Structure formats: C-alpha cells, structure tokens
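A.B. asks: Sharing a structure below in structure tokens format, with a few things to ask.
The values are calculated or read from the model by the stated rules, or taken from the named source; none is laboratory data. In this text the structure is predicted, and so the values were computed from the model without any measurement. Note: ideal-geometry Cβ built from the backbone for every residue, glycine included; neighbour counts use all protein chains shown. Each accessible area value is taken on the protein alone, full model and side chains, heavy atoms only, with ligands, DNA and RNA left out. Shrake-Rupley method; radii C 1.70, N 1.55, O 1.52, S 1.80 Å.
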Amino acid sequence: MMSDTLRAVILGIIEGVTEFLPVSSTGHLLLAERFFGLGEGGFWDSFTVLIQLGAILAIVVIYFAKLWKVALGMFSNAEDRRFVIGLLVAFLPAVIIGLIAGKYIKGYLFNPWVVCFSLIVGGAILLWVDQLDLKPHEHDATAFPLPMYLWIGFAQCLAMIPGVSRSGASIVAAMLLGADKRAAAEFSFFLAIPTMLGAFVYDLYKNRADMSADHLGIVAIGFVVSFITAIVVVKTFLNYVTRHGFTLFAWWRVIVGTIGLIALALGK
C-alpha cells in the first residue's frame with residue numbers, strides 16, 4: 001500500500017514537470033490515477049488542483065522582476081497597463097466557458113480514453129507546427145496586439161479537454177499568430193498565473209468539505225515538490241525550445257497516448 005506522503009511526492013513531480021510543458025498536466029495526472037492507483041478519491045481530486053499553486057509560485061519567482069515592474073507601472077505606464085489588460089482579455093474566455101460548460105466537461109470528458117486520443121492529436125499538431133516555415137514578428141510576450149491576446153485566450157479553452165494541454169494550446173496559437181517560440185512560451189507562463197489561480201480558488205471553495213487539518217501536511221508536500229520541479233523545468237524548457245523546437249514533446253505525447261490506448265484496450 002503506497003503511503004500518502006509518497007503519493008504526494010509523485011503527484012507533485014508529475015504536476016511540476018508537466019504543467020508548463022505542452023504535454024498536459026491534467027492528462028498525465030488522470031493517467032497516473034488510472035494506471036498506478038495514484039490520487040483516487042475526493043481529496044486527491046482536489047489535491048491535484050491545489051498543488052498547482054506551487055507551480056504558479058515558481059513562475060512568480062522566476063519572473064518576479066518583470067511582474068513587479070508591471071505591477072508598479074500599470075497605473076502610470078501605458079505599456080505595462082496594456083499588458084495587464086491583454087492578460088485579462090486572454091483569461092476571460094476561460095472564465096466564461098468554464099462557468100458555462102465546466103460541469104459538463106468534467107462529467108463527460110474526464111476519462112482516460114479522451115486523454116489518450118487528445119495526447120496523440122495534440123502531438124501531431126505540435127509536429128505539424130514545428131515543420132511550418134513561420135516568420136515570427138512578435139518577440140516580446142508583454143507587447144502582443146490586443147486581438148492576439150484574445151485569440152490565444154480562446155485557444156487556451158481547448159485545454160479544458162483533458163490531454164490537450166493549456167500551455168500547448170496557448171503556445172501553438174501564439175506561434176500561428178506571429179510570436180517566436182520563446183515569446184509564445186513565456187506568454188503561456190504568464191497566462192497560467194490568473195488561469196491556474198482562478199482554478200485553485202474555485203476548487204478550494206467547492207471542495208472545502210473534503211479538506212481537513214490532517215490533509216494540510218500532504219498538500220504542503222505536494223506544493224513544495226511541484227514548486228521546485230516547476231522552477232527547474234521552466235528554466236530548462238525555455239532554452240530547449242528556443243534551440244530545438246517542440247518535436248521531443250510531440251513524440252512524448254504520441255508515445256504516452258499510444259501506450260495508454262493499448263493498456264485500455266487490454267482492459268487495464
């Protein structure tokens with residue numbers, strides 16, 4: 001029988017590694033629950049959302065200087081204010097669609113078959129985008145045109161389907177709209193802050209009855225592990241995709257999705 005502490009560490013690593021890579025953290029967590037018996041039950045469903053706060057904090061720490069500058073300047077500097085508005089514009093579609101269709105999505109789409117097919121299709125899309133001869137003209141994630149922020153926000157909503165990947169959807173959309181790989185990845189990190197924070201607050205309120213003082217230690221372990229892992233992954237990921245693109249992550253998705261489908265077909 002696996003201890004709760006070990007579960008928390010493993011799930012924290014999965015969250016920290018996959019949240020900001022274009023491979024779908026939700027999809028990987030669902031598959032881990034299905035095939036390895038991790039995170040079963042009401043508390044563990046909430047746990048996987050709560051430890052996202054650790055990953056959010058990693059982004060805040062890495063980009064603290066830039067975020068602090070924006071926070072100080074958004075009332076006096078037009079460029080900083082425009083970026084904050086752009087971030088809110090990109091965040092808004094997820095709020096609206098989440099409130100309207102969130103219950104349906106969780107009720108019908110959160111199953112391993114959907115995850116596996118989404119991983120494979122998303123991998124194919126990443127391979128396709130990586131082969132395109134794109135001519136990027138946007139090199140600063142804080143200075144995209146406002147309509148571009150909105151379209152990226154709509155694309156992010158596709159990640160409500162488990163296995164699609166929030167970062168993957170926003171990165172692909174940004175690149176197709178003219179961003180270079182680094183700027184596209186950085187904006188997906190910035191957009192994660194309000195998106196994941198909103199999901200954290202909503203899930204904490206909705207499942208407050210499942211939480212108790214006994215759970216705080218387990219959540220703290222997952223939080224710390226996801227925070228440390230996410231810091232390492234984000235710093236490595238940015239440098240890697242700038243030089244090598246997304247082929248590695250595309251094939252990762254395809255392989256994991258295919259293995260999952262085979263296991264499901266065999267009744268696992």
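A.B. asks: What number does the range 10-109 give for Rg over Rh if you use C-alpha atoms and the Kirkwood radius? Show your work: numbers first, answer last.
C.D. replies: Working: Rg = 17.0 Å, Rh = 16.0 Å.
That ratio equals 1.06.
A.B. asks: May I pose another question? Can you tell me the relative contact order of the range 82-211? Whole percent, Cα pairs under 8 Å, sequence separation 6 or more.
C.D. replies: Value for the range 82-211: 33 percent.
A.B. asks: Turning to a different aspect of this structure: Could you report the chain's accessible area per residue, 1.4 Å probe, as an integer in Å²?
C.D. replies: Accessible area per residue, the chain: 49 Å².
A.B. asks: Rg and Dmax in Å for the chain, alpha carbons only: what are they?
C.D. replies: Reported Rg and Dmax, both Å: 18.1, 61.
A.B. asks: Excluding same-chain residues fewer than 8 positions from K106, which lysines have a Cα within less than 22 Å of its Cα?
C.D. replies: Here the lysines satisfying the reach criterion relative to K106 are K206, K268.
A.B. asks: Relative to the longest principal axis of the C-alpha atoms of the chain, give the angle of the C-alpha long axis of helix 146-156, reported between 0 and 90° and rounded to the nearest 10°.
C.D. replies: The helix 146-156 is inclined about 10 degrees to the chain.
A.B. asks: Once both axes come from the Cα atoms, what is the angle between helix 52-62 and the longest principal axis of the chain, in degrees from 0 to 90, rounded to 10?
C.D. replies: Roughly 30 degrees between the two axes.
A.B. asks: Scale the Cα Rg of the range 71-190 by the rule-of-thumb value 2.2 N^0.38 Å and send over the ratio, two decimals.
C.D. replies: Values: Rg = 15.5 Å, N = 120, 2.2 N^0.38 = 13.6 Å.
It is 1.14.
A.B. asks: Nearest 10 degrees, 0 to 90: what angle lies between the long axis of helix 166-176 and the longest principal axis of the chain (Cα atoms)?
C.D. replies: Helix 166-176 and the main axis of the chain meet at about 30 degrees.
A.B. asks: Let me ask another. Starting from the Cα of L72, step 7 Å along the direction of its Cβ; do the same at L216; then give the gap between the two resulting points in nm.
C.D. replies: Those two pseudo-labels are separated by 3.4 nm.
A.B. asks: Shifting gears a bit: Quantify, in whole percent, the carbon and sulfur part of the accessible surface of the chain (1.4 Å probe; protein heavy atoms only).
C.D. replies: Numbers: 9210 of 13000 Å².
Solvent-exposed carbon and sulfur of the chain make up 71 percent of the total.
A.B. asks: Hey, another quick one. Students often forget the sequence filter, so: which lysines lie under 23 Å Cα-Cα from K181 once same-chain residues fewer than 8 apart are removed?
C.D. replies: The qualifying lysines are K66, K135, K235.
A.B. asks: Classify the range 119-268 from the C-alpha gyration tensor, please: rounded if a/c falls under 1.5, else prolate or oblate depending on whether a/b exceeds b/c. Intermediate results must be reported in sequence, preceding the final value.
C.D. replies: Details: a/c = 1.86, a/b = 1.31, b/c = 1.42.
Oblate shape, in that a/c is at least 1.5 and b/c is the bigger or equal ratio.
A.B. asks: Next question, about the same structure. How do the peptides 241-250, 69-78 rank, highest first, by the average count of neighbouring beta carbon atoms within 10 Å per residue? Could the numbers behind the result be given before it?
C.D. replies: Numbers: 241-250: 17.1, 69-78: 12.5.
Peptide ranking by packing, descending: 241-250, 69-78.
A.B. asks: For a Förster distance of 22 Å, can you work out the FRET efficiency between the beta-carbons of R243 and W128, rounded to the nearest 0.05?
C.D. replies: 0.65
A.B. asks: Quick check on the range 91-134: take the gyration tensor over C-alpha atoms, sort the square-rooted eigenvalues as a ≥ b ≥ c, and tell me if it's rounded (a/c under 1.5), prolate or oblate.
C.D. replies: Values: a/c = 6.05, a/b = 1.52, b/c = 3.99.
Because a/c hits 1.5 or more and a/b fails to exceed b/c, the range 91-134 counts as oblate.
A.B. asks: Full-extension gain between A263 and F64, please, as 0.36 nm times their residue separation minus the C-alpha to C-alpha distance. All intermediate terms of the calculation are to be shown ahead of the outcome.
C.D. replies: Numbers: separation 199, 0.36 × 199 = 71.64 nm, distance 4.26 nm.
Full extension from A263 to F64 adds 67.4 nm.
A.B. asks: Can you tell me the Rg and the Dmax, both Å, for the Cα atoms in the range 110-160?
C.D. replies: Here Rg and the maximum Cα pair distance are 14.3, 39 Å.
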